1. If you place +1 on the Cβ of every Lys and Arg, -1 on the Cβ of every Asp and Glu, and leave all else neutral, what size is the dipole of the stretch 14-262 about its Cα centre, to the nearest 20 Debye?
2. Grab every C-alpha pair in the stretch 100-139, bin the distances at 5 angstrom width from 0 up to the longest one, and report whole percents.
3. Please list 103-116, 213-226 highest first by mean number of surrounding beta-carbon atoms within 10 Å per residue.
4. Taking only complete DSSP H runs, can you tell me which helices of the chain stretch 30 Å or more along their own long axis by Cα positions and average at least -1.0 on the Kyte-Doolittle scale?
5. 7 Å from Cα along Cα→Cβ at both GLN18 and ALA130: what's the point-to-point distance in nm?
6. Could you let me know the centre-to-centre spacing of the stretch 126-192 and the stretch 70-86, using Cα atoms, in angstrom?
7. Would you mind telling me the antiparallel percentage of the DSSP bridges in the chain, rounded to 5?
8. Dividing the convex hull volume of the alpha carbon atoms of the stretch 14-262 by its residue count, what do you get in Å³ per residue?
Amino acid sequence: MYEEPDEHPQERPTDPTQKAREKADELRINAEICAIFEGPQKFDAELQFAGDDLARDVQRRIARLEKQKLFESPILPPAAAKESAELLAMPESKELSTSDYHTLRRPGELMMIRWLRGEEVDMFYERMQAHLDVALGEFKQEERDALEWKKDEQTLAYLDALDKIEVKMADRYLRDLIRRHNLFVLSTITADEMDILHLCDFVMGMPAADVVGAASAPPTEDPTEQDRAWFFRMFSLRGVVEGVERMCFFTYMQKAEDTFESE
């Protein structure tokens, strides 16, 4: 992901604990994205053509659920239970594969839907935690190697706060609450400029042309940052339906330049 230009550098966090937490949050989001999109590279998941009707149906359902969600919590209200369950059970009702990515491509635009159920959900949590543990461990060591020599109070407090950070991804995803109380949870990740080559080549293990289409993919030689930048928004719906734990990830992406032109 590209970072937004820092127009107010004085607003960067100076509190050591806050600085450490913000870096951990960045690594947590990266771990989540890797676990969601690594299917083609790690589990032989395929890209399936979704069809306009299916993609638009899922998009509309996600939009209705998002409108019902309270701002301060990802837990959906009881009134959203029926639609949440229908969406999570769609692989059975529509005879769709799980683990694969059901996609609808248009010039400069991509919708992608992935369902997981049962053991696939277990594996997802294992992979997401593993991605975070590796990244956070490496970052902690890199920061200590680079900064510990300074010995000033602020730096040592930051390194100490960083060392103490432990993130359990299942807790962040409210997995235990979902299973114990039969809740439905919807959360969102948004990035104004996602590096499409990083997502496709590195995470998915596929050429960008195979994912977004040859006409929309960055040029193969010397792509600019603008060529690589896509608006990215991903919704994660989780819940238990008919005694089976399930997930649905709906992702909408659009070339950043197209987004700017339409505003």
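Any read-out appearing in this document is the output of simple, stated calculations on the displayed coordinates, not a laboratory observation. Owing to the predicted nature of the structure, the values given are computational and were not obtained by experimental measurement. Here Cβ is always computed from backbone atoms with ideal geometry, including for glycine, and neighbour counts include all displayed protein chains.
1. Working: 33 positive and 50 negative charges, 232 e Å.
Computed charge dipole of the stretch 14-262: roughly 1120 debye.
2. Spelled out bin by bin, the stretch 100-139 gives 6, 19, 15, 14, 15, 15, 14, 3 percent.
3. On the way: 103-116: 20.2, 213-226: 12.6.
Highest to lowest by the protection proxy: 103-116, 213-226.
4. Flagged H segments are 16-37, 119-147.
5. It is 3.7 nm.
6. The two parts, judged by their Cα centres, are 26 Å apart.
7. Taking every DSSP beta bridge with both residues in the chain, the antiparallel ones total about 90 percent.
8. Working: hull volume 38.0 nm³, N = 249.
Normalising the Cα hull of the stretch 14-262 by residue number yields 152 Å³.
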